[in-house]
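Enquirer: Handing you a structure now.
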């Protein structure tokens, strides 16, 4: 598989963090004296940080500001990212392979820059990344292909040979529509029907990054 660059998702792809976002939602609603709405984490999963903060104010917390919600949830997330969240299997092996081929890579994430930097530094892979584009720095987050295209430009890589490695169906769909090849990585928090569709539309896919690497080398 010819590659001129790789763009990684963070949550659910490089780090095992997807489950903590439901815990954060529960904690945030509880501390504000509200019952946790059914399926709230799934409802906001496809939204940018700005979008879900607006959604919380509009639907559940009209007395709060979006600025407060973004700040407070960022504080909660940072604790998990700084102290708890582990690396997913085979990340370093995957990065070692890319380094051996002199293929540039970095991260496009929907989460907060401060949290992302904290977990990457603790896990020892921050210095390996050529860039980090984070959801709190761009209003649309990963709801469009803009950040993928920005990352591709950063690496001076051609779109058709810039691999997007993702665990979320809507992100795979956005990348594919924009003309990027995609690698779908399984995460236990992925809805089964979404995983079936990820496998159907992705160029390569696997239960972990080792399987992705094997498929890359076979093409």
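Enquirer: As I understand it, the value is the acute angle between the Cα axis of helix 113-122 and the longest principal axis of the Cα atoms of the chain; what does it come to in degrees, rounded to 10?
Expert: The answer is roughly 60 degrees.
Enquirer: Evaluated at 25 °C with a viscosity of 0.890 mPa s, what Stokes-Einstein diffusion coefficient in µm²/s does region 1-70 have when Rh comes from the Kirkwood expression over alpha-carbon pairs? Write out the running numbers ahead of the final one.
Expert: Numbers: Rh = 13.8 Å.
Value of D from the Cα-based Kirkwood radius: 177 µm²/s.
Enquirer: Right, next: Let's test the formula: R0 of 22 Å, r as the Cβ-Cβ distance of residue 196 and residue 170. What FRET efficiency results, to the nearest 0.05? The partial results should precede the final answer.
Expert: Numbers: r = 15 Å, r/R0 = 0.66.
The computed FRET efficiency comes out at 0.90.
Enquirer: Does anyone have the angle between helix 209-218 and the longest principal axis of the chain? Alpha-carbon axes, 0 to 90°, nearest 10?
Expert: 30 degrees
Enquirer: Taking the structure as given and computing semi-axes √(5λ) of the Cα gyration tensor in Å, which label from (1) 30, 17, 16; (2) 38, 22, 13; (3) 34, 25, 16 fits?
Expert: (1)
Enquirer: Give me 189, 171 sorted ascending by neighbouring Cβ count inside 10 Å, so fewest comes first. Show your work: numbers first, answer last.
Expert: On the way: 189 20, 171 25.
Exposure proxy ranking, most exposed first: 189, 171.
Enquirer: Give the calculated FRET efficiency between residue 208 and residue 4 to the nearest 0.05, with a Förster radius of 22 Å applied to their Cβ-Cβ distance.
Expert: Here the calculated transfer efficiency is 0.40.
Enquirer: If you don't mind, there's one more thing I want to ask. PRE reach from residue 54 (point 7 Å along Cα→Cβ): which of region 146-175 fall under 18 Å by backbone N?
Expert: Inside the label zone: 146-147.
Enquirer: Roughly what angle does helix 49-59 make with the longest principal axis of the chain, taking Cα atoms, 0 to 90 degrees, to the nearest 10?
Expert: 30 degrees
Enquirer: In region 44-63, whose amide N lies under 16 Å from the spot 7 Å out along Cα-to-Cβ of residue 22? List them in ranges.
Expert: 44-46
Enquirer: For residue 101 paired with residue 82, estimate the spin-label separation in nm (one decimal), with each label point 7 Å from Cα along the Cα-to-Cβ line.
Expert: Result for the modelled spin labels: 3.7 nm.
None of the figures in this text is laboratory data; all of them are computed from the coordinates on show. In this text the structure is predicted, and so the values were computed from the model without any measurement. Neighbour counts run over all protein chains shown; Cβ positions are idealised from the backbone, glycine included.
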